[in-house]
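Enquirer: Take this structure first; my questions come after.
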Amino acid sequence: SGNGEPTMHPDFPEIIDFTLRLRDEYFPSAKVSVLTNATRLGNEEVRKALMKVDNPILKIDSPLKWMADAINIPNEAYSLEETIKNIKLFNHNFILQTFLCKKKSVFSYRQKRSSPDNEKTLFFIVT
């Protein structure tokens, strides 16, 4: 966790290899975990790198497209079906992370037009 989606880094596979080498040298019993929103699993290099870590934590916030869009506010086209297809390539060797809320939740998205940097704001109203 930190500064955004880790698999977006152009050197992600090399960073994973370097991290695993450091782990093996200094802390061989430590587990390496990577939390990802799973949107780049269609990229073979990214997928292979994630398959090397002890705990690939793959996230699906909702099985409903409208709710996943409200939670994630994706910049690109998001395909839940494609994400699930790519997760299946991990052959059950992953941790699934998801977003839970009450049944009668309302999600709304609002773009603050008055903000100089066009800050995006997501409101969650749980009843």
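Enquirer: Tell me which residues, restricted to the range 25-57, are touching an Asp or Glu at 6+ places or on another chain (Cβ under 6 Å) and closer than 24 Å to residue 69 by Cβ.
Expert: From the range 25-57, those touching an Asp or Glu at 6+ places or on another chain (Cβ under 6 Å) are 31-32, 37; that's our starting set.
If the condition is that a residue be touching an Asp or Glu at 6+ places or on another chain (Cβ under 6 Å) and closer than 24 Å to residue 69 by Cβ, then 37 is the only one that fits.
Enquirer: I would also like to ask the following. Being open to solvent by 70 Å² or more (accessible area, probe 1.4 Å), in contact (Cβ under 8 Å) with a residue 24 or more places away in the chain and outside any loop (DSSP other than H, G, I, E, B) is true for just one of 48, 85. Which residue is that?
Expert: 48
Enquirer: Moving on to the next point. Do we find a residue being in a helix (DSSP H, G or I), touching a residue at least 12 places away in the same chain (Cβ under 8 Å), open to solvent by 50 Å² or more (accessible area, probe 1.4 Å) and of a type in the set (D, E, K, R) anywhere in the range 20-42?
Expert: Filtering the range 20-42 down to residues in a helix (DSSP H, G or I) leaves 20-26.
From what's left, touching a residue at least 12 places away in the same chain (Cβ under 8 Å): 20.
Still in the list and also open to solvent by 50 Å² or more (accessible area, probe 1.4 Å): none.
For the range 20-42, residues in a helix (DSSP H, G or I), touching a residue at least 12 places away in the same chain (Cβ under 8 Å), open to solvent by 50 Å² or more (accessible area, probe 1.4 Å) and of a type in the set (D, E, K, R): absent.
Enquirer: If you scan the range 34-63, which residues turn out to be in contact with a helix residue (DSSP H, G or I) (Cβ under 8 Å, 6 or more places away or on another chain) and under 19 Å from residue 23 (Cα atoms)?
Expert: Across the range 34-63, the qualifying residues are 34, 35, 48, 49, 50, 52, 53, 56.
Enquirer: So which residues in the range 88-103 are part of a loop (DSSP other than H, G, I, E, B), at pLDDT 90 or above and open to solvent by less than 80 Å² (accessible area, probe 1.4 Å), if there are any at all?
Expert: From the range 88-103, those part of a loop (DSSP other than H, G, I, E, B) are 89-94, 98-103; that's our starting set.
Still in the running and at pLDDT 90 or above: 89-94.
Result: 90, 94.
The values are calculated or read from the model by the stated rules, or taken from the named source; none is laboratory data. As the structure is a computational prediction, the values presented were derived from the model and not from experiment. Don't worry about glycine lacking a Cβ; one is built from the backbone with ideal geometry, like all the others, and counts go over all protein chains shown. We work out accessible area using only protein heavy atoms, side chains counted, and drop any ligands, DNA or RNA first. Shrake-Rupley method; radii C 1.70, N 1.55, O 1.52, S 1.80 Å.
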